[in-house]
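Below: one structure, written as structure tokens.
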Amino acid sequence: METYYKPEDLGKFATMGEFAPDLWEKFMSYYSAVFESGALTKREKALIALAVAHAVQCPYCIDAYTQSCLENGANEEQMTEAVHVACALRGGAALVHGVQMKNVAKGLSF
Amino acid sequence: MSEIIKNFESMIDNPDYKFTHGKLRIIQVNVGKLCNLSCKHCHVDAGPNRTEIMTRETMQHILRVLPNFETLDITGGAPEMNKNFCWLVDEAVKTGIHVIVRSNLVILHEKEYINIPEFLADRHVEIVASLPYYSENDCDKQRGSGTFKKIISMLKKLNSLGYGIDEKLILNLVYNPGGAFLPPNQDELEQQYKTRLMSDYGISFTHLFALTNNPLGRFENFLKRTNNYDKYMRKLYDSFNPAALENMMCRFQLSVGWDGQLYDCDFNQVLNLTINGVQNISELYEIHKRKIKFANHCYACTAGSGSSCGGATA
Ligand code: SF4
Ligand code: SF4
């Protein structure tokens with residue numbers, strides 16, 4: 001079946017350097033610096049990235065950061081908890097906007 | 001696979017690295033394929049039904065050549081299950097050589113082997129024990145159900161004997177990935193293991209070695225069965241690190257199979273790739289520099305930070 005997302009497209013990421021090589025290089029060197037261990041370990045950063053990948057629902061990032069988590073010493077238990085953090089934030093963000101709904105409703109109602 | 005994986009040897013630029021180092025340090029001896037466990041990552045394909053076991057006669061030849069080495073590294077299978085295991089350890093220790101035993105620790109709970117921890121401690125034998133992760137689920141998935149609890153309780157016993165605490169009693173742990181992926185940075189993982197094993201169980205150990213799974217034996221079967229073989233080989237190839245070539249373990253060791261056959265490493269044993277030169281320990285009287293026999297499984301030793309039986313190499 002035709003689909004917008006194909007696994008092999010992840011390997012074509014570098015083609016984004018065509019027409020804008022300087023921007024691509026700047027982005028890539030920044031990107032790899034971000035994931036070096038610093039105040040946070042590589043494993044912690046990979047878990048954050050995995051959670052964000054689920055929040056933005058990017059299948060490429062989910063694939064890449066599942067592997068990255070495993071290769072940086074996280075296990076499935078930790079990865080599942082990270083996904084729940086993303087889930088809680090997304091769910092919570094929806095729910096807290098209920099306050100907006102209440103404000104609007106209050107303004108319109110008797 | 002889109003791009004062909006180049007022959008491993010063609011990746012070695014410095015011709016010296018294709019040969020053993022002038023002075024070998026380690027003689028690694030596989031005393032048999034018999035094992036109480038059948039771990040998923042096992043490259044030896046060891047298990048309870050294996051019958052290949054080293055004889056005392058072969059061990060006598062090993063003892064004869066020991067003065068050429070600094071370390072005797074005993075592996076298997078579960079080496080304790082060879083009935084001449086204690087004899088070999090005892091005789092080797094008497095020569096003053098440093099002795100390492102690779103134990104799965106689970107075996108030490110069985111009645112016949114219950115005194116081995118004290119036996120090894122009395123002789124200052126280094127223990128290297130595999131612990132795939134610091135959680136029960138991950139460990140049991142790889143090594144079999146119930147293994148984690150037994151390993152943890154044996155680590156506590158070893159600590160009580162001074163292992164991992166007294167600097168003369170070295171207790172090293174081995175991590176290897178629970179599937180078709182590469183190991184993490186060894187230092188960061190060691191820190192993680194130390195923190196968790198201490199806080200959860202009060203356990204200390206000396207160092208952690210992070211190993212790469214070699215695509216042979218039972219692990220190779222897993223890779224093929226799950227359609228991961230090509231991807232895994234590609235990953236090893238793409239992670240090739242030339243800085244790991246100088247310290248590939250085969251450059252500093254001689255590996256002896258259960259039947260006395262000689263190899264560059266335990267992995268080459270699986271492939272029946274015997275060394276260049278004298279083929280059996282019974283005929284070995286002089287050790288010469290030799291050209292190592294490489295094949296594409298060697299990419300597991302040079303991926304990322306490199307991998308050897310003593311952990312990262314680059
Ligand atoms: S990995 Fe070690 S303990 Fe596990 S089956 Fe192989 S030899 Fe036995
Ligand atoms: S697999 Fe053996 S021969 Fe090949 S690089 Fe590793 S230690 Fe050397």
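Taken together, the values in this text are just the output of simple stated rules run on the coordinates, not laboratory data. Source: prediction; values computed, not measured. Virtual Cβ from ideal backbone geometry, glycine too; neighbours counted across all protein chains shown.
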Determine, from the Cβ-Cβ distance of residue A:24 and residue B:153 and an R0 of 51 Å, the FRET efficiency 1/(1 + (r/R0)^6), rounded to the nearest 0.05. 0.40
In nm, spacing of pseudo-spin labels at residue B:45 and residue B:23 (7 Å Cα→C-beta vector): 3.9
Given Cα pairs under 8 Å that are at least 6 residues apart, what percent is the relative contact order of the stretch B:257-314? 23
Classify the protein assembly as shown: rounded, prolate or oblate, from the alpha-carbon gyration tensor (a ≥ b ≥ c, eigenvalue square roots; a/c under 1.5 rounded; otherwise prolate if a/b is larger than b/c)? prolate
Determine the gain in length on full extension of the stretch residue B:145-residue B:191; use 0.36 nm per residue of separation and subtract their C-alpha separation, reporting nm with one decimal. 14.0 nm
Relative contact order of the stretch A:24-89, defined on C-alpha pairs under 8 angstrom at six or more residues apart (%): 34
Under a crude label model (7 Å from the Cα following the beta-carbon direction), how far is residue B:285 from residue B:97 in nanometres? 1.9
Calculate, in nm to one decimal, what residue B:231 and residue B:272 gain on full extension: separation in residues at 0.36 nm each, minus their alpha carbon distance. 12.3 nm
Return the FRET efficiency for the residue pair residue A:9, residue B:57: r is the Cβ-Cβ distance, R0 is 56 Å, and the value is rounded to the nearest 0.05. 0.40
Which percent, to the nearest 5, of DSSP beta bridges fully inside chain B are antiparallel? 25
A 27 angstrom limit on the alpha carbon distance is what I want to check against. Which of A:45/B:194; A:45/B:157; B:168/B:293; B:94/B:149 exceed it? A:45/B:157; B:168/B:293; B:94/B:149
Spin-label pair residue B:7/residue B:295, simplified geometry with 7 Å Cα→Cβ offset, distance in nm: 1.5
Please compute the contact order of chain B in relative form: average sequence separation of alpha-carbon pairs under 8 Å and at least six residues apart, divided by the residue count, as a percent. 23
Considering chain A, which cysteines have no disulfide-compatible partner, defined as another cysteine with its Cβ under 4.7 Å away? A:69, A:87
For the stretch B:105-260, with +1 on Lys and Arg beta carbons and -1 on Asp and Glu, the positive-most of B:152, B:135, B:203 along the dipole: B:135
Whole angstrom only: what separates the Cα centroid of the stretch B:220-263 from the Cα centroid of the stretch B:155-185? 22
Share, in percent, of DSSP beta bridges within the protein assembly as shown that are antiparallel, nearest 5: 25
